[in-house]
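The values are calculated or read from the model by the stated rules, or taken from the named source; none is laboratory data. All values reported here derive from a predicted model rather than from experimental measurement. Don't worry about glycine lacking a Cβ; one is built from the backbone with ideal geometry, like all the others, and counts go over all protein chains shown. The area values use the complete protein model at the heavy-atom level, side chains included, leaving out ligands, DNA and RNA. Shrake-Rupley method; radii C 1.70, N 1.55, O 1.52, S 1.80 Å.
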Amino acid sequence: MRENKTNSNGNKSRQPGERWPQQRVTASAHGWGHRDGREAQTLSLTGAQTTQLLVEPPWRPAALWDRVTLTCQGSGTAGATTWYKDGQRWGQQGRDHLIVTECRTYRCDRPGTRRSPPVRVLDDPLVLQVPARALLEGDTVTLRCRGWQEIHLSRVRFYRDEKDLAGSLRRTELSLSPLQLHHSGRYRCEGLVGSSMSRSAAVPVTVHELFSVPVLEGPPTPTEGSPLTLSCLSTPSPLRPRAPLLHVFYRDGQVVGGPQGSPQLLVPTMGVSHSGNYGCEVHSQGGAVRKSSARLRVTVRRVPPSGVSLSAQPPWGQVALGDSLVLNCSVTMGTGPPSFSWHREGSGALPGTGPCLELCHIGDNDSGQYQCRVSDGDSVAKSDPLNVTVLVPVANATITPSPLSHQVHAGDNVTLSCSVQVGSGPVTFTWLHNGQEVARGPLLELRDINVGHVGTYQCVATNQLGQDGQRMFRALSPELALEVTPGSPWVTVAAGVSRALLFLLLLVGVIVAWHRWHRVDARKHQERAPQDPLAPSVEDPQATYMELQRKPWEPSDIYDNLHQKL
């Protein structure tokens, strides 16, 4: 019974005529790949329609003494396979597999497909072999140095790009684990085969990226209160597109998300505290391969204030002298914290800060246009100006007659003028004669003065607060009396006559009228009687005198105001 010999690395050597365990490796435009239940791997990227050349056992370059079998796979008819040896056509429409018996470079194709990548078969004394599959970051890879037909090998050294890798001279294998990009290069080995020192041919080793360096993408200036999505974009290698990858997200060096399979980080509601330098890391399962993105600066923008408006109490910014006024500032949009400031046109001083401005015991100098400004530290929004009007209630209404003389002829015209000492316009005037309204306006004209004008006169000055007249103010002037006295060619205007005196004057007027009627009656009797030329004549008395007296006004008359709530 034939026994398998074991080499210095513990691997069983194959005896002449013995075949290696069945493993199929794909050599395609993408490179070599395992079959037999293993994931097919590729070494390079060319055309998807390239014919695949499978080699058994799965090592490159192949060793002739391993009884190498090549199988051509691809689209088209299997019997239409064309083989190439050292670049020359070697047979056509042959079988899709063959057993290699010569040290050559082999390729194949089928109609409508490209030629397969080359497969080299060596029969050298010393051969360095690399697994015939795609080599990606993080893989565990072993390179082996073999002597011709498994002749005893010793004093082995490995080189990469002619640099001695320095290691144990007893090992015939070189482990590259985990595989990194810097492991790429041209490898060879040398050692003592039997009693002769030999050097292998250089074999290129290309390590492919398992995934690309990630790029973190997202809006650099999101708005406060809005969601944020950051994407950690990394392209997996087409040689192993389904390799599981994990993603970790950082802000200012602290983990804020992951490890997770999803390449996205979602922040439902952004706040100012979420501002910072973000980054992400992608690593393979197990963490053998890790790659980090460049930093992305994220600055959360506050929503600028807008929709600033003013309201006043009392409404419309109209207030009576001495009362209080409250102004309120509101903002419909903006993320805080907002700061408020009040401004009055023509004044450099700030009346106040805060959303509410209260003016107590308001004076006439508080009138003007007010404006509220709201700031979030980055931007400022202004309200429309509000015109504050301070209304001065009417006071000290007085009547001035024209002409100014206290005595006028009966039948003349007299004009009475009403004015106030203080009071914001518009001011309306109403005239009262004996307590009854007789006219409106600042002037009252009395034409052809006679007994019918006898009585007291007053004017009422009025102004109001608010567009709807919610508050009204009234000032009543002192009384002005007109009287008629008999036997005088003058009219006297008296102001401020007391009611008792007025009653007495009226009584006197009645008596005078009675005497006048009596004299008229007596004259009629006299006319009927014979006339005595020496007797004196009796004339008709006339309303010839009116008297004006003024009553001092009391301090309380300044604001004889009737505040009416409408």
FRET efficiency for Gln264 and Cys360, Cβ-Cβ distance as r, R0 = 51 Å, nearest 0.05?
0.30
Residues whose built amide H sits under 5 Å from the amide H of Val68, excluding neighbours closer than 5 in sequence, are Val100
Sorted by accessible surface (1.4 Å probe, heavy atoms of the protein chains only), largest first, Glu162, Glu150, Glu102 come out as Glu162, Glu102, Glu150
Counting Lys and Arg as +1 and Asp and Glu as -1, each charge on the Cβ, what is the dipole of the stretch 171-234 about the Cα centre in debye, to the nearest 20?
520 debye
When the Karplus curve 6.51 cos²θ - 1.76 cosθ + 1.60 is applied with θ = phi - 60°, which whole-Hz ³J(HN,Hα) does each residue of the stretch 443-453 get, with x for Gly and Pro?
10, 10, 9, 10, 9, 6, 4, 8, 4, x, 8
Report the extension gain between Glu445 and Glu102 in nm, rounded to one decimal, defined as 0.36 nm multiplied by the number of residues separating them, less their alpha carbon distance.
109.2 nm
Which distance in nm do the two modelled labels at Arg295 and Glu345 give, with both placed 7 Å along the Cα-to-Cβ direction?
5.1 nm
Rounded to the nearest Å, what's the spacing between the alpha carbon centres of the stretch 174-245 and the stretch 106-143? Just the number, please.
19 Å
In square angstrom, what is the accessible area per residue of the stretch 323-420 with a 1.4 angstrom probe?
50 Å²
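What FRET efficiency would be calculated for the residue pair Thr332, Ser75, taking the C-beta separation as r and a Förster radius of 45 Å, to the nearest 0.05? Please report the intermediate quantities before stating the final value.
Details: r = 68 Å, r/R0 = 1.50.
According to the calculation, E is roughly 0.10.
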Output row, site Ser379, 7 Å Cα→C-beta label point, backbone N cut-off 15 Å, window the stretch 290-318, residues 300-308
For Asp366, what is the net charge nearby, where nearby means another residue's Cβ is under 11 Å from its Cβ and Lys, Arg count +1, Asp, Glu -1?
-1
What residues qualify as long-range amide H neighbours of Gln369, i.e. H under 5 Å apart, gap of 5 or more or another chain, H built at 1.01 Å from N?
Glu345, Val388
Any chance you could look up the accessible area of Val422 with a 1.4 Å probe, heavy atoms only, rounded to 10 Å²?
60 Å²
Would you mind calculating the gained length between Arg171 and Arg155 on full extension (0.36 nm times residue separation, minus the Cα-Cα distance), in nm to one decimal?
5.0 nm
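With a 1.4 Å probe and all protein chains left in place, how much accessible area per residue does the stretch 128-254 have, in Å²?
Working: 6100 Å² over 127 residues.
On a per-residue basis, the stretch 128-254 sits at 48 Å².
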Roll a 1.4 angstrom probe over the protein heavy atoms and tell me the percent of accessible area of the stretch 210-349 that is carbon or sulfur.
54 percent
